[in-house]
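Since every read-out is calculated from the coordinates, none of them should be taken as a lab result. Predicted model, so just to flag it, every value in this text is computed and none were measured. Here the Cβ is made from the backbone with ideal geometry for all residues, glycine too, and neighbour counts use every protein chain on show.
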Amino acid sequence: MLTPSIKKKRKLRGLLRMLANTVVAVVLPAVLASCSDSPGYSYTIGGTVSGLVGSGMVLQNNGGDDLNISSNGSFSFKHSLTSKTTYSITVKTQPSNPSQTCTVDNGSGTMNGAPVDTVAVNCVTGPTSVTVDPSGKFVYAANTNGTVSAYIIDQITGALTDLGAPVSAGEYPTSVTVDPSGKYAYAADTIGGAIFSYAIEATGALGVGTSFPAGNYPASVTVNKSGRFVYVTNMGDNTISAYTIQGNGTLIELANSPFTAGLGPASVITVQISDKEFAYVANMSAHTISVYTIDQNTGTLSAGTEVPVGFFPSSVSVDPSRKFVYVANESSNNISIYTINQTTGALASEKVVVAGNFPTSVVTVLIGSSEFAYVTNSGDSTIWFYSINLSDGNLTKFGQVTTGVYPSSITVDSSGRFAYVANMAGGNVSAYKINQTTGALE
């Protein structure tokens with residue numbers, strides 16, 4: 001039989017065990033949390049995203065733990081890491097619709113007993129499109145930060161001087177052009193679904209823009225050769241919007257607009273041959289070129305043939321002789337060449353030549369009695385030079401230069417003396433002199 005003294009001692013030991021368990025449950029986690037080298041304790045890793053306007057970006061840590069990013073602001077990976085574990089944050093998938101190039105700062109290191117929230121993912125907002133006015137005096141660039149910049153050209157060196165603060169162009173302009181008279185400029189705001197019209201002042205500066213509704217994701221804008229009509233490709237709803245230009249440069253959409261295009265129309269250009277005018281549209285998702293006849297009285301588009309090209313055609317150009325069409329195929333890394341039927345505008349006799357990595361833009365120029373073509377390759381940041389065979393339109397590469405990061409657009413002034421390139425990820429415009437004997441860029 002247990003004596004009262006033994007019962008009291010056992011009861012006291014029980015109370016002590018309960019107290020000890022309580023202390024361990026409360027104090028131990030706090031001790032572990034305060035110890036930077038405690039085995040098994042995990043810490044979160046993340047940071048902030050800025051400049052994102054596209055969709056579909058995916059981040060990774062150490063080649064896994066995929067994290068979808070849909071907006072700017074803070075982010076954190078699902079899986080935490082223990083102290084002394086290394087981390088490496090990379091961009092697995094770049095944003096698209098529209099395309100952007102995003103880079104990671106402070107993305108690698110070793111966990112040191114505390115959460116990491118200093119990783120910075122920056123999505124570049126640089127120029128996507130560049131054009132020269134007909135006089136050859138001014139350059140305009142559409143910037144992904146929602147503006148259009150204006151520059152004056154040094155007529156001896158070709159260098160650019162900024163004309164002042166950029167003008168507003170909605171949310172994310174991806175294309176800019178100037179009408180043949182040089183009086184008005186137009187920019188396509190892809191995210192905002194609008195077209196902006198600007199009066200060009202005598203100095204080259206742009207007046208305050210006026211916006212007009214377009215279709216879904218307008219990607220490219222051009223003015224026909226008579227300067228009466230504006231055409232805009234809408235990638236989001238596979239259409240082409242058409243407008244009449246008013247006396248002050250403002251726009252009125254045609255009653256029968258928009259017109260049907262192929263899947264993902266990304267680029268449009270018009271050309272006049274004798275007494276007829278045609279439009280060519282590169283359909284990026286359909287991998288085709290659509291041909292249209294333009295009614296020069298009403299601006300109406302009448303669809304003709306649709307011919308296949310390479311994968312993801314992003315740019316279409318007509319040579320100065322108006323006999324050949326050139327198409328930059330981004331995912332095929334080549335250029336498609338077609339002969340234009342001088343009566344119907346139809347395209348035939350496709351040839352293909354090799355380009356660099358991800359060709360995004362093609363332009364042609366006449367220098368003396370020779371023609372040349374220039375192609376920007378966004379994947380390797382180069383421009384390739386080609387001579388054009390005037391009998392069959394074939395291209396022969398004769399040189400290349402390195403340009404800025406992710407060149408997305410190239411243009412040449414009307415005199416054929418200077419070339420300008422919009423470097424989307426570099427956030428700048430490159431300027432080149434064109435050798436008037438060889439056609440090389442310098």
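Can you give me the long-range amide H partners of Ile273? Hydrogens built in the peptide plane at 1.01 Å from N, cutoff under 5 Å, separation of 5 or more residues or another chain.
For Ile273, the qualifying residues are Phe278.
Using the crude model of +1 on Lys and Arg Cβ and -1 on Asp and Glu Cβ, and no other charge, please compute the dipole size for the range 319-434 relative to its Cα centre, in debye to 20.
180
Using a Gaussian network for the chain with springs between C-alpha atoms less than 10 Å apart, which of these wobbles most: Ser408, Ser274, Ser71?
Looking only at Ser408, Ser274, Ser71, the biggest GNM fluctuation is shown by Ser274.
Can you give the Rg/Rh ratio of the range 42-123, where Rg is from the C-alpha atoms and Rh is the Kirkwood radius?
Taking Rg over the Kirkwood Rh, I get 0.97.
With a point put 7 Å past each Cα toward its Cβ, work out how far Thr110 is from Glu171 in nm, to one decimal.
Calculated label separation equals 4.5 nm.
Can you pull the Rg over Rh of the chain, Cα-only, Kirkwood?
1.22
Sort 200-207, 289-296, 47-54 by packing, meaning the average of other beta carbons within 10 Å per residue, with the highest value first.
Per-residue Cβ counts within 10 Å, averaged per peptide and sorted highest first, yield 289-296, 47-54, 200-207.
Sort out for me the Cα centre separation of the range 341-416 from the range 207-276, rounded to whole Å.
24
What is the angle, in °, between the Cα long axis of helix 4-34 and the longest principal axis of the Cα atoms in the chain? Nearest 10 is fine, range 0 to 90.
The angle comes out at about 20 degrees.
Would you work out the relative contact order for the chain, in percent, from Cα pairs under 8 angstrom that are 6 or more residues apart?
Value for the chain: 9 percent.
Suppose a student asked you for the relative contact order of the range 47-147, using Cα pairs under 8 Å spaced at least 6 residues apart; what percent would you report?
Rounded, it is 28 percent for the range 47-147.
Cross-link list Lys137/Lys225; Lys351/Lys433; Lys183/Lys225; Lys137/Lys397: which exceed 24 angstrom alpha carbon to alpha carbon?
Pairs exceeding 24 Å: Lys351/Lys433; Lys137/Lys397.
Label 7 Å along Cα→Cβ of Gln342; the range 305-328 residues with amide nitrogen under 13 Å?
Residues passing the 13 Å test: 321-324.
Rounded to the nearest 0.05, what FRET efficiency do Ser414 and Ser285 give with R0 = 45 Å and r taken as the Cβ-Cβ distance? Could you check?
It comes to 0.85.
Quick one: putting +1 on the C-beta of Lys and Arg, -1 on the C-beta of Asp and Glu, what dipole do you get for the chain around its Cα centre, in Debye to the nearest 20?
That gives a dipole near 2720 debye.
Would you calculate the convex hull of the Cα atoms in the range 313-442 and tell me its volume per residue in Å³?
Output value, Cα hull per residue: 94 Å³.
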